[in-house]
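One structure is given below, encoded as structure tokens.
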Amino acid sequence: MSRAAKPAVRRKDGAAITRKKQFPNNGLAIALFGPHHCHLAQIESGLSVVIHARGNEVTIAGDPEAAARAVSVLDSLYERLEKGQDIDQPEVDAMLRFSAEPERKMPSGHDAGVSIRNRVVTARTPTQADYLRAIDESELVFSEGPAGTGKTYLAVAKAVERLVRGDVERIILSRPAVEAGEQLGFLPGDMREKVDPYLRPLYDALHDMMPAQQVQKRLESGEIEVAPLAFMRGRTLANAFVILDEAQNTTAVQMKMFLTRLGENSRMVITGDLSQVDLPRGTRSGLRDAREALSHVDDIRFLKFQDADVVRHPLVGKIVRAYRQLENQRGAGAEYHIEDDSAGDHET
């Protein structure tokens, strides 16, 4: 490799463990290793191994389990390249996450992904892969977990995939405008200008999946509807892919109302984070209420994302964990939102 040589990783008994792997296509091997072998360096750092590359062959030194994981990661990434897909540092990170659970099949190609025209959005953690499968298999899916775990992004990707394929006639995206108490009349502008700030994350996800012109055209035709939760009352949402984001900020009454909108040939995905409840003190979150009421209902899936599933900038995961530790240390009465059923879902 072009980097300085490192000492070989050795077992406690002093025996060095090495594994060799050769890749038949020299061009793909170069892409696999990355510019200046940055992908190999990323695998080294993630698995505490040492990798030396020469031509299209690598030698991996380290703990037997770690070396085996490194081979699996390289094989899966190479398979993606063979299928014409690019790889980058986030993809390498994703394979490292999957390799930590050896009982699971490492994703490759279009496995555990969402196909949108010429693009494939792939799962980057085992929980994300479970989430995508749950959406395919169940008509109602709940996902909980911290920011940055892909709950909303992947749900929107699935919605766009189904709309483009013709499986549904429209996408409906909703959030509770809790910051304004859903009393929007005092805000300036027309109704769309009033609610857009609360729905901006959903628009951002849409624009990442489709060209801006298509998003605008489908919004105007009604194929895509983005609306606050209060606008859902009295409707039946049929032939649609429906997403309720920030569901921790619904009340129990609002959640029941929304869930009973589910119509024929529809899918519904509910996302939220019970550590980020903005409801008034003493008001119970509809997301928590639904989890307790529906946990044993057949055909409803519940997915729980953890701090380890954060796939934004690596610092985001560290920030989430740091705040979580601080909350746990301070306990009840902290200046953060602590889950406490005895006093609702909002603690100050």
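The values are calculated or read from the model by the stated rules, or taken from the named source; none is laboratory data. Being a predicted model, the structure only gives us computed values, none of them experimental. These accessible areas exclude ligands, DNA and RNA; they are computed on the full protein's heavy atoms, side chains included. Shrake-Rupley method; radii C 1.70, N 1.55, O 1.52, S 1.80 Å.
Please calculate the 1.4 Å probe accessible area of SER76, with all protein chains present, and give it to the nearest 10 Å².
Around 10 Å² of this residue is reachable by solvent.
Spelling out what I want: for every residue of the range 291-308, take phi, set θ = phi - 60°, compute 6.51 cos²θ - 1.76 cosθ + 1.60 (Karplus), and round to whole Hz; glycine and proline get x.
Computed from phi, the couplings for the range 291-308 are 4, 6, 6, 10, 4, 9, 7, 4, 6, 10, 10, 10, 10, 10, 8, 10, 4, 5 Hz.
Do any of LYS151/LYS318; LYS21/LYS83; LYS83/LYS158; LYS21/LYS158 go past 26 Å between their Cα atoms, and which?
LYS21/LYS158
Shape verdict for the range 114-159, please, from the Cα gyration tensor: rounded (a/c under 1.5), prolate (a/b greater than b/c) or oblate.
On the way: a/c = 1.69, a/b = 1.23, b/c = 1.37.
Oblate.
Roughly how many Å² of HIS37 are accessible to a 1.4 Å probe, to the nearest 10?
40
Roughly how much of ARG261 is accessible, in Å² to the nearest 10, using a 1.4 Å probe?
40
Report, in whole Å, the centroid distance computed from the Cα atoms of the range 27-46 and the range 273-299.
Result: 44 Å between the Cα centres.
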